[in-house]
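K.L.:
Below is the structure I would like to discuss, written out as structure tokens.
The values are calculated or read from the model by the stated rules, or taken from the named source; none is laboratory data. Just so you know, these numbers come straight off a predicted model, no measurement behind them. Here the Cβ positions follow ideal geometry from the backbone for every residue, glycine too, while neighbour counts run over all protein chains shown. Remember, those area values only see protein heavy atoms, side chains included, never the ligands or the DNA or RNA. Shrake-Rupley method; radii C 1.70, N 1.55, O 1.52, S 1.80 Å.
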Amino acid sequence: MALGKYSRVDNRRQNSSYCSTVTITVFVGLCLVGVWMMTSSSVVPGQSVDAPAQENKNEVKQQVPESNEINPKQPEDSPGDLPEDATQGDSSTPEEKPEEKPNEIPEEKPDEIPEEKPDEKPEEKPEEKPEEKPEDKQEEQPEEKPEEKPEEKSNEDTKSDDGSTTETQNGGTNAEDGDTKINNGETNTKDGGTKPDDGESNAAGQGDSEENSTEKKPGTDETETKLVENTGEGEDGETGNDKIDEKVDQKDSKEADKSSDGQANNQSSGELLPSGAQSELLNETTTQSGSWSTQAAESKNEKETQKSSNQQGGYNWKLCNVTAGPDYIPCLDNWQKIRSLHSTKHYEHRERHCPEEPPTCLVPLPEGYKRPIEWSTSREKIWYHNVPHTKLAQIKGHQNWVKVTGEFLTFPGGGTQFKHGALHYIDFINESVPDIAWGKQTRVILDVGCGVASFGGYLFDRDVLTMSFAPKDEHEAQVQFALERGIPAISAVMGTKRLPYPGRVFDAVHCARCRVPWHIEGGKLLLELNRVLRPGGLFVWSATPVYQKLAEDVEIWQAMTELTKAMCWELVSINKDTINGVGVATYRKPTSNDCYEKRSKQEPPLCEASDDPNAAWNVPLQACMHKVPVDSLERGSQWPEQWPARLGKTPYWMLSSQVGVYGKPAPEDFTADYEHWKRVVSNSYLNGIGINWSSVRNAMDMRSVYGGFAAALKELNVWVMNVITVDSPDTLPIIYERGLFGIYHDWCESFSTYPRSYDLLHADHLFSKVKKRCSMVAVFAEVDRILRPEGKLIVRDNVETMNELENMARSMQWEVRMTYSKDKEGLLCVQKSKWRPRESETLTYAIA
């Protein structure tokens, strides 16, 4: 140094001035050294703070000159290295070591910081050290401490920026590789801040991000928890399934936009942010944000918060003020249309009459509503306040339909024809007709006029799936009781239109005092059962004409005998149950057309060849019969495999020459869909999105294809209503062939069920298609109507649609359980709340 030269020149001067000169020189030298020490501490202590105590001091010395070489090299790092850099240091690379340090900072004691101060003096010359006085060293300590702590903060903050960017990049990189990222208990930080991954206490969780997230939370939904699917789904879902591949994705772009200015600087340069400590990469001209967020970040976050608030404010939800109150079904409670009907002779007033514009209001909750009792306890009892109707208990209590027991409605398991229990009645039928073979030969049945659906509820014990239906009539809330019990049912009537099911799909049809006049008008209603019944399938009829000798009963029996004979139905069995005191007649539909051709009188007539038996959406009934398929490769010509083998077996009539929904040959399409949903359910839905499946009983796949989602849930105590939308390929027969069930529906109209019917709704690319034809707000209001409070909605759709749905859910104060996106495809899981708006909207057409 220059000071050393001047001191040696002064040795040649006179002795009289020697002491004073040396004293001044030493003093000035010490001052300069102190100034130099203080100045250099603004950089070096920041590095030494982040370095472990056991690190070699020479390594710290080498970090400063190497820092300029890091930036250009970082973009060459392979994406696979980024997650390791973000979560753990690389001992072989000095620049990357500080990655470990944020995890160590909270464990360091304050007295450890001064111990690393010798690292700050690597260039100090040896000859100056003996000249330093102990008093000088003591003075340096307090001078450096105030400098060191702010610098430590700034470096931590910088690393927070860098750490969060690395996570964002990792998220993007992982998304590209098909991997997923699990955020355990992470609160939503859409309005700012960074997001720690997997509970790691990395820099993103310690520095500026903590303070920013605290400041910005008022602009976000603090209750939101983001969970993400298991990595296995992402990896598997991307392989070999083309369009049916699982498409889930993280919102990396949004997170990157919301990171701090250290990220912005690097992003503007078009480089990937390096994974090393930010303090090693910045030169003195780069300003560090420290503990304070920038005005740009604050303003951007506020704008986004206001935008989000405006979006939520755009949905002005109101309560539906209607006569039906909490039990409102829009297409069945259109009193304006019902009053204008010319006739109700054929139960037209019980059929669907949807309003011209679907309602966008929300149905109120019954007072005192509670979370439904779980299956199978719910089969025996439900909360009275959830379905507060006692009329049916008064009318049918003596038949053991339903009774009021304190705060519960109880169901002894009886019915009009089986007062002593459904299971005995079910076994009696099996004994009378062994060919019915519940749960093997007979898997999917239709129960007409089901009442409270105890017959279908107890058939679950025999591995039989029952589609129960009854009208919304004077038997108050019978279908609502069934659904609250966890038994599948819909509100429907046999009137003037076909039932919403394809032809030849039910293994059996059951009617126990269902009050349907089968024999009138040429047997039009019984011919509708003939349409939906599988060739060789059974019609089980338990009614007074079978076993009573009253004049009316005898007349009906004779008419039914003539009609069934003309339809070529075979009377297989007629037996009387001595315990219940009822008789059961069982008929079988023919498996060939021989009988039809041999009839002396063509009544009922055969349907025209152009009449499609699968056409069922708003199609008028016709008094005709469709021929039985005879081609061995035509659906209906063979009985399906026994259950459960039929679930996974490709239907015999799906040919390789046919193109499936996803573009593959039909059998491959079917198999790929099944494998896909098994992966999604096992890797993601069962464990990855926070659903307690023990609380899920009634589920609906709002846009099913082959029934793969329902099939994948086979081992759970869950039944799934598969909905085939009217504008989708008609694959509902395939679903029935597998031993599952479903229904046709148009989501521009309300579903034929009571409010609060389902625990879980699943919508795979439904909303993006529906919104092209009808109001998304109305469809989401319908989702709110049929979903129970605390019920879950799982949406798989494009990101634009998913974001729109997320905003709607938030505006209803639903809990957003998880959002995930990749390649413009998204996955959303939300949970309905009990929130109801205070303002109401009167629907004049729904006022009786």
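K.L.:
Which residues, taken from segment 798-848, are among the β-branched types (V, I, T) and closer than 25 Å to P355 by Cα?
P.N.:
T842, T844, I847
K.L.:
Please work out which residue is most open to solvent (accessible area, probe 1.4 Å), limiting yourself to segment 564-579 and to residues that are assigned to a strand (DSSP E or B), closer than 21 Å to L423 by Cα and not basic (K, R). Write out each step before concluding.
P.N.:
Residues of segment 564-579 that are assigned to a strand (DSSP E or B), as a first pass: 570-577.
This time we only want the ones that are closer than 21 Å to L423 by Cα, so: 573-577.
This time we only want the ones that are not basic (K, R), so: 573-575, 577.
Values: S573: 13, I574: 79, N575: 59, D577: 5 Å².
My answer is I574.
K.L.:
Restricting to segment 806-822, name every residue that is within 14 Å of the chain's Cα centre (by Cα) and more than 15 Å from S833 (Cα to Cα).
P.N.:
Taking segment 806-822 and keeping what is within 14 Å of the chain's Cα centre (by Cα), we get 806, 809, 814-821.
Result: M818, T819, Y820, S821.
K.L.:
I'd like the residue in segment 486-514 that is out of contact with any Gly (no Cβ under 6 Å at 6 or more places or on another chain) and among the basic types (K, R) and, out of all such residues, is farthest from L341 (Cα to Cα).
P.N.:
R513
K.L.:
Moving on to the next point. Only one of H389, H385 is touching a Lys or Arg at 6+ places or on another chain (Cβ under 8 Å) and of a type outside the set (G, A, S). Can you tell me which?
P.N.:
H385
K.L.:
If you don't mind, there's one more thing I want to ask. Just checking, does segment 485-502 include any residue being open to solvent by 10 Å² or more (accessible area, probe 1.4 Å), under 22 Å from G414 (Cβ atoms) and not aliphatic (A, V, I, L, M)?
P.N.:
no
K.L.:
Give segment 585-613 a look and list any residue that's of a type in the set (V, I, T) and open to solvent by 50 Å² or more (accessible area, probe 1.4 Å), or say none.
P.N.:
Going residue by residue through segment 585-613, those that are of a type in the set (V, I, T) are 586, 591.
Listed by number, the list holds a single entry, T591.
K.L.:
Still on this structure, please answer the following. Take V630 and decide whether it is buried (at least 17 other Cβ atoms within 10 Å of the Cβ), at negative phi and in contact (Cβ under 8 Å) with a residue 24 or more places away in the chain.
P.N.:
Values: buried (at least 17 other Cβ atoms within 10 Å of the Cβ): no; at negative phi: yes; in contact (Cβ under 8 Å) with a residue 24 or more places away in the chain: yes.
Judged against the criteria, V630 is not a match.
K.L.:
A further question on this structure: Please work out if E351 is within 36 Å of the chain's Cα centre (by Cα) and either at pLDDT below 95 or assigned by the TED database to the domain that holds N698 (or both).
P.N.:
Details: within 36 Å of the chain's Cα centre (by Cα): yes; either at pLDDT below 95 or assigned by the TED database to the domain that holds N698 (or both): yes.
Here the answer is yes, as E351 does meet what is asked.
K.L.:
Now for a separate question. Could you tell me whether segment 509-516 includes any residue that is modelled with pLDDT of 95 or more, open to solvent by less than 10 Å² (accessible area, probe 1.4 Å) and part of a helix (DSSP H, G or I)?
P.N.:
No, segment 509-516 has no match at all.
K.L.:
Would you check if K824 is open to solvent by 10 Å² or more (accessible area, probe 1.4 Å), at pLDDT below 95 and either not assigned by the TED database to the domain that holds R703 or not acidic (D, E) (or both)? If you could, list the steps in order and put the result at the bottom.
P.N.:
Numbers: open to solvent by 10 Å² or more (accessible area, probe 1.4 Å): yes; at pLDDT below 95: yes; either not assigned by the TED database to the domain that holds R703 or not acidic (D, E) (or both): yes.
Against the criterion (open to solvent by 10 Å² or more (accessible area, probe 1.4 Å), at pLDDT below 95 and either not assigned by the TED database to the domain that holds R703 or not acidic (D, E) (or both)), K824 qualifies.
Per-residue answers, yes or no, for (1) modelled with pLDDT under 95; (2) closer than 26 Å to V493 by Cβ; (3) more than 25 Å from the chain's Cα centre (by Cα):
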| position | (1), (2), (3) |
| --- | --- |
| P355 | no, yes, yes |
| P366 | no, yes, yes |
| R371 | no, no, no |
| E380 | no, no, yes |
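K.L.:
Are there any pairs with C-beta distances below 9 angstrom linking a residue in segment 767-796 that is among the basic types (K, R) to a residue that is assigned to a helix (DSSP H, G or I), with the two at least 6 apart or on different chains, and if so which?
P.N.:
Listed pairs, sorted by first residue: K771/V779; K771/T801; K771/E804; R796/V680; R796/M802.
K.L.:
Related question: Condition check: open to solvent by less than 60 Å² (accessible area, probe 1.4 Å), in contact with a Gly (Cβ under 7 Å, 6 or more places away or on another chain) and over 22 Å from D594 (Cα atoms). Does V582 satisfy that? Working first, answer last.
P.N.:
Details: open to solvent by less than 60 Å² (accessible area, probe 1.4 Å): yes; in contact with a Gly (Cβ under 7 Å, 6 or more places away or on another chain): no; over 22 Å from D594 (Cα atoms): yes.
In short, no.
K.L.:
Please go through segment 535-550 and pick out each residue that is in a helix (DSSP H, G or I) and either farther than 17 Å from F418 by Cβ or touching a helix residue (DSSP H, G or I) at 6+ places or on another chain (Cβ under 6 Å) (or both). Reasoning before the result, please.
P.N.:
Narrowing segment 535-550 to residues in a helix (DSSP H, G or I): 544-547.
Listed by number, the residues that qualify are T544, P545.
K.L.:
So is T561 within 30 Å of D427 (Cβ to Cβ), in a loop (DSSP other than H, G, I, E, B), at pLDDT 95 or above and in contact with a strand residue (DSSP E or B) (Cβ under 9 Å, 6 or more places away or on another chain) or not? I'd like the intermediate steps shown before the answer.
P.N.:
Working: within 30 Å of D427 (Cβ to Cβ): yes; in a loop (DSSP other than H, G, I, E, B): no; at pLDDT 95 or above: yes; in contact with a strand residue (DSSP E or B) (Cβ under 9 Å, 6 or more places away or on another chain): yes.
Considered against the rule, which asks whether it is within 30 Å of D427 (Cβ to Cβ), in a loop (DSSP other than H, G, I, E, B), at pLDDT 95 or above and in contact with a strand residue (DSSP E or B) (Cβ under 9 Å, 6 or more places away or on another chain), T561 comes out as no.
K.L.:
In addition: Restricting attention to segment 488-520, which residues are over 32 Å from the mean Cα position of the chain (by Cα) and of a type in the set (F, W, Y)?
P.N.:
W518
Residues are listed down the side, and each one gets a yes or a no for (1) in the same structural domain as H765 (by the TED database); (2) modelled with pLDDT of 95 or more; (3) of a type in the set (V, I, T); (4) surrounded by 19 or more Cβ atoms within 10 Å (Cβ to Cβ):
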position	(1), (2), (3), (4)
G663	yes, yes, no, no
A666	yes, yes, no, yes
F670	yes, yes, no, yes
D673	yes, yes, no, yes
Y685	yes, yes, no, yes
I689	yes, no, yes, yes
R697	yes, yes, no, yes
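K.L.:
Can I ask one more? So which of R352, R379 is closer than 28 Å to V448 by Cβ, of a type in the set (K, R) and in contact with a Cys (Cβ under 7 Å, 6 or more places away or on another chain)?
P.N.:
Result: R352 is the single residue among R352, R379 that is closer than 28 Å to V448 by Cβ, of a type in the set (K, R) and in contact with a Cys (Cβ under 7 Å, 6 or more places away or on another chain).
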